[in-house]
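Take a look at the structure set out below.
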Amino acid sequence: MSQSTGIGQFDNHGDIGHTRTTGTVKYDAGREEYLVGGGGENMWFASDAFQFVWKEWSGDVSLAADVRWIGAAGNAHRKACLLIRQSLDPDAPYVDAALHGDGLTSLQYREVRGGPTREIQCNVSGPRRLRIEREGDEVFMSIAPEGAQLHAAGGSFRIALHDPYFVGLGVCAHDSNAFEQAVFSRIALGRPQSATGGRVLESTLETIAIASTDRRAIYTTRDHIEAPNWSRNGEYFLFNGNGRIYRLPVQGGTPQALDLDFATRCNNDHGLSPDGTMLAISDQSQGGKSFIYTLPVVGGTPVRVTQSGPSYWHGWSPDGLTLAFCGERNGEFDIYTIPAAGGTERRLTTAPGLDDGPDYSPDGRYIYFNSERTGTMQVWRMKPDGTNQQQMTADEYNNWFPHPSPDGKWIVFLSYAKDVHGHPENKDVMLRLMPAEGGEIRVLAKLFGGQGTINVPSWSPNSEMVAFVSYRLAAP
């Protein structure tokens, strides 16, 4: 590793991993700019190769800079990064805010030494300024287009780094035969902003690809939003916030509230009919309890389906004729079904304790649900008439809201720690995935969330991605 000492605000620089071309750093004190040049095949998978300009650090940190590439002809995946790195080893745990050659900007991370690299993609291409911050084990990124103020890019995660570690600037050519340069200016290195005025909630609607587990932040707001549904045609999301239901294009943008007439106290239990033309909502605007209503997906006057409450919608049968829901009757929460057109409800579960979250398999053979009848909350399934109730998970977590994929292969669900009772908000949780018939469970994402993250069906129509909401308690 080549290195020198005393480069502006940083201590040293050098090549991390194997690079055919030796990296360079030129510091212009007058302009307070760093021209960083690097080679390297990649910063991804289990090992990295790039040029790093660093400072040893302990405790919380905030690093911000304007970033721009020199030249436009380089590899689309070349990376100019703001880095937090456990060590100078090529396979070290790390997190970075990375601006790619094609404008893609993402929060990338390797949780353990030699482990895989993951990312949370930003929904803004080619921002002018980036900031990466670490508070305790939480790391997050902010971005700013030209002339704008920094704002949250959405999505955060927790990574355990110990003091001391390294913070600084990095450039990777993404081509072992190439040499790329980027300019970092207006460097701001220090401690994160103190939250003296308390914390405010940030909500981010995200998607995750089940094959790669890479995440993408679609929409970030300081409003409290919950429970995304993915439309049947794959073109938009529905979610609730402040008692309303909103529609958002899958590419992001500005959400539009649906006109639901009197229904202005909708909760996070809502979803689409199999043909995508109708919407079921759970609303408590009338009678002081949550009742289930249906209406056209474009909006309109809701038609009441359940006469007893509280009732919370969770699933729609594949033939479109039946709704499955959780209802409290005489102090017990159980799974019920009812004709979508209204009628007599049918109780399917009778075990003591909470049964919740019913969702139909796409072939209509099963209803998956969660139940605490064995002492902790676990995933179960049963036939649509309530018979043959079968436990599908039995592990050290509390598992909630199982949702079968449209192709019938997978079940995604939300997991809390064993000592967490109920499904509260603002907890460290996991999205996990298992085969529909049971078997090995794998972690899709670790995040700060819980209530509102994935209460309702949120699979993409092609069964390749899941939508969810993550949260962060941010400085004002």
Within the stretch 288-308, is there a residue that is over 21 Å from PHE401 (Cα atoms) and at pLDDT below 95?
yes
For SER87, state whether it is of a type in the set (Gly, Ala, Ser), in the same structural domain as HIS13 (by TED's automatic domain parsing) and either crowded, with 17+ Cβ neighbours inside 10 Å or under 15 Å from PHE166 (Cβ atoms) (or both).
yes
If you scan the stretch 1-58, which residues turn out to be surrounded by 13 or more Cβ atoms within 10 Å (Cβ to Cβ) and of a type in the set (D, E, K, R)?
ASP11, ASP15, ARG20, GLU32, GLU33, GLU41, ASP48, LYS55, GLU56
Say whether the condition of being under 19 Å from LEU189 (Cβ atoms), part of a loop (DSSP other than H, G, I, E, B) and charged (D, E, K, R) is met by at least one residue in the stretch 45-65.
yes
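Listed here are the residues, each with its yes/no results for (1) within 30 Å of ARG199 (Cβ to Cβ); (2) assigned by TED's automatic domain parsing to the domain that holds THR349; (3) touching a Gly at 6+ places or on another chain (Cβ under 6 Å).
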position	(1), (2), (3)
PHE369	no, yes, yes
GLN390	no, yes, no
VAL412	yes, yes, no
GLU425	yes, yes, yes
ASP428	yes, yes, no
ARG432	yes, yes, no
For PRO476, state whether it is surrounded by 20 or more Cβ atoms within 10 Å (Cβ to Cβ), on the phi < 0 side of the Ramachandran plot and out of contact with any Lys or Arg (no Cβ under 7 Å at 6 or more places or on another chain).
no
If PRO339 satisfies every condition in (1) in contact with a Lys or Arg (Cβ under 7 Å, 6 or more places away or on another chain); (2) closer than 26 Å to VAL303 by Cβ but one, which is the exception?
(1)
Taking LEU63 and the conditions (1) over 17 Å from the mean Cα position of the chain (by Cα); (2) closer than 28 Å to LEU444 by Cβ, which numbered condition does it fall short on, given that it satisfies the others?
(2)
Among strands (runs of 3 or more DSSP E) completely within the stretch 316-364, the ones holding 3 or more residues that are among the charged types (D, E, K, R) and touching a strand residue (DSSP E or B) at 6+ places or on another chain (Cβ under 6 Å) are 355-360
Does ARG128 count as crowded, with 18+ Cβ neighbours inside 10 Å, of a type in the set (Lys, Arg), at pLDDT 95 or above and out of contact with any Gly (no Cβ under 7 Å at 6 or more places or on another chain)?
no
GLU111 being modelled with pLDDT of 95 or more and closer than 25 Å to HIS18 by Cβ:
yes
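Within the stretch 20-41, how many residues are polar (S, T, N, Q) and either closer than 23 Å to ILE143 by Cβ or in contact with a Phe, Trp or Tyr (Cβ under 7 Å, 6 or more places away or on another chain) (or both)? Before the answer, list the steps.
Going through the stretch 20-41, the residues polar (S, T, N, Q) turn out to be 21-22, 24.
With the extra rule that they be either closer than 23 Å to ILE143 by Cβ or in contact with a Phe, Trp or Tyr (Cβ under 7 Å, 6 or more places away or on another chain) (or both), the set shrinks to 21.
Total satisfying the criteria: 1.
Residues that are within 14 Å of the chain's Cα centre (by Cα) and basic (Lys, Arg): find the strands (runs of 3 or more DSSP E) completely inside the stretch 180-267 holding 1 or more of those. Let's see the steps before the verdict.
Working: elements: 180-190, 200-209, 215-221, 225-230, 236-241, 244-249.
Passing ranges, in order: 215-221.
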Residue, farthest from THR204 (Cα to Cα), within the stretch 119-150, restricted to residues that are among the β-branched types (Val, Ile, Thr) and more than 14 Å from the chain's Cα centre (by Cα):
ILE132
Matching residues in the stretch 85-99 - criterion: being within 21 Å of the chain's Cα centre (by Cα) and either modelled with pLDDT under 95 or within 30 Å of ALA73 (Cβ to Cβ) (or both):
TYR94, VAL95, ASP96, ALA97, ALA98, LEU99
Kindly check whether there is at least one residue in the stretch 411-420 that is of a type in the set (Phe, Trp, Tyr) and part of a loop (DSSP other than H, G, I, E, B).
no
Only residues in the stretch 68-89 that are part of a strand (DSSP E or B) count as the first member; pair them with residues that are among the basic types (Lys, Arg), Cβ under 7 angstrom, at least 6 apart or cross-chain, and list the lot.
ILE84/ARG134
Which one is nearest to the chain's Cα centre (by Cα) among residues in the stretch 151-174 that are part of a loop (DSSP other than H, G, I, E, B) and among the hydrophobic types (A, V, I, L, M, F, W, C)?
ILE159
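If the requirement is being more than 28 Å from ASP363 (Cα to Cα), surrounded by 14 or more Cβ atoms within 10 Å (Cβ to Cβ) and modelled with pLDDT of 95 or more, which of these qualifies: ARG265, ARG346? Walk me through it before giving the result.
On the way: ARG346 fails: more than 28 Å from ASP363 (Cα to Cα).
Result of the check over ARG265, ARG346: ARG265.
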Can you tell me which residue in the stretch 424-458 is farthest from the chain's Cα centre (by Cα), limited to those that are over 30 Å from SER62 (Cβ atoms), among the hydrophobic types (A, V, I, L, M, F, W, C) and surrounded by fewer than 23 Cβ atoms within 10 Å (Cβ to Cβ)?
ALA436
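The values are calculated or read from the model by the stated rules, or taken from the named source; none is laboratory data. Just so it is clear, the structure is predicted and the values come from calculations on it, not from any experiment. We place every Cβ from the backbone using ideal geometry, glycine too, and count neighbours over all the protein chains shown.
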